[in-house]
Amino acid sequence: QVQLVESGGGLVQAGGSLRLSCAASEGTSSNYAMGWFRQAPGKEREFVAATSWGGGYASYADSVKGRFTISRDNAKNTVYLQMNSLKPEDTAVYYCARSTGRTASVWIYEYDYWGQGTQVTVSS
């Protein structure tokens, strides 16, 4: 059973930055694409960013392009989400997930393992 553990969330003022980390419990996760999703209160979970299995390709939601950067260190079984220029509308629980394939998919149904989430709150 793969376990994903997110960390790095917190409270930040608008315009600030946070870096989220997602540690996978086993090395085989390096063979799969990884993604970040988020869910705000009263809203459905939505795609944020994804990276291909080797880290050479990334996909981003339009709402975060140019502000967020996803990366991965397969030697450490860890995926990161650097979030800059944060806005109050970025407030949500952020989830890390492992894809069933190798490409940086934007589709939530292509992810089968999920972390417990980490809260990000951006104050105005």
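The values are calculated or read from the model by the stated rules, or taken from the named source; none is laboratory data. Here the structure is a predicted model, which is why all the values come from computation and not from measurement. For neighbour counting, all protein chains shown are included, and Cβ atoms are generated from backbone atoms with ideal geometry for every residue, glycine included. Heads up: the accessible areas ignore ligands, DNA and RNA and are worked out on the full protein's heavy atoms, side chains in. Shrake-Rupley method; radii C 1.70, N 1.55, O 1.52, S 1.80 Å.
Would you mind stating whether GLY8 is modelled with pLDDT of 95 or more, surrounded by fewer than 16 Cβ atoms within 10 Å (Cβ to Cβ) and touching a Ser or Thr at 6+ places or on another chain (Cβ under 8 Å)?
Working: modelled with pLDDT of 95 or more: yes; surrounded by fewer than 16 Cβ atoms within 10 Å (Cβ to Cβ): no; touching a Ser or Thr at 6+ places or on another chain (Cβ under 8 Å): yes.
Spelling it out, it is not the case that GLY8 is modelled with pLDDT of 95 or more, surrounded by fewer than 16 Cβ atoms within 10 Å (Cβ to Cβ) and touching a Ser or Thr at 6+ places or on another chain (Cβ under 8 Å).
Does at least one position in the range 37-55 carry a residue that is at pLDDT 95 or above, under 13 Å from LEU86 (Cα atoms), assigned to a strand (DSSP E or B) and among the basic types (Lys, Arg)?
The answer is no; no qualifying residue exists.
State the number of residues belonging to the range 64-78 that are open to solvent by 40 Å² or more (accessible area, probe 1.4 Å), without any contact (Cβ under 8 Å) to a residue 24 or more places away in the chain and at negative phi.
Total meeting the criteria: 5.
Of the residues GLN13, GLN39, GLN1, GLN82, which single one is more than 23 Å from THR121 (Cα to Cα) and open to solvent by 20 Å² or more (accessible area, probe 1.4 Å)?
On the way: GLN13 fails: more than 23 Å from THR121 (Cα to Cα); GLN39 fails: more than 23 Å from THR121 (Cα to Cα); GLN82 fails: more than 23 Å from THR121 (Cα to Cα).
Sole residue among the options that is more than 23 Å from THR121 (Cα to Cα) and open to solvent by 20 Å² or more (accessible area, probe 1.4 Å): GLN1.
Mind listing whichever residues of the range 66-91 are closer than 23 Å to GLN13 by Cα, aliphatic (A, V, I, L, M) and assigned to a strand (DSSP E or B)?
Step one: of the range 66-91, the residues closer than 23 Å to GLN13 by Cα are 66-70, 80-91.
Still in the running and aliphatic (A, V, I, L, M): 70, 81, 83, 86.
Hits for the range 66-91 are ILE70, LEU81, MET83.
If you check every pair at least six apart or on different chains, which have Cβ atoms under 9 Å apart with a residue in the range 79-95 that is under 30 Å from GLY27 (Cβ atoms) first and a residue that is in a helix (DSSP H, G or I) second?
Between residues of the range 79-95 that are under 30 Å from GLY27 (Cβ atoms) and residues that are in a helix (DSSP H, G or I), the close pairs are VAL79/SER29; MET83/ASP90.
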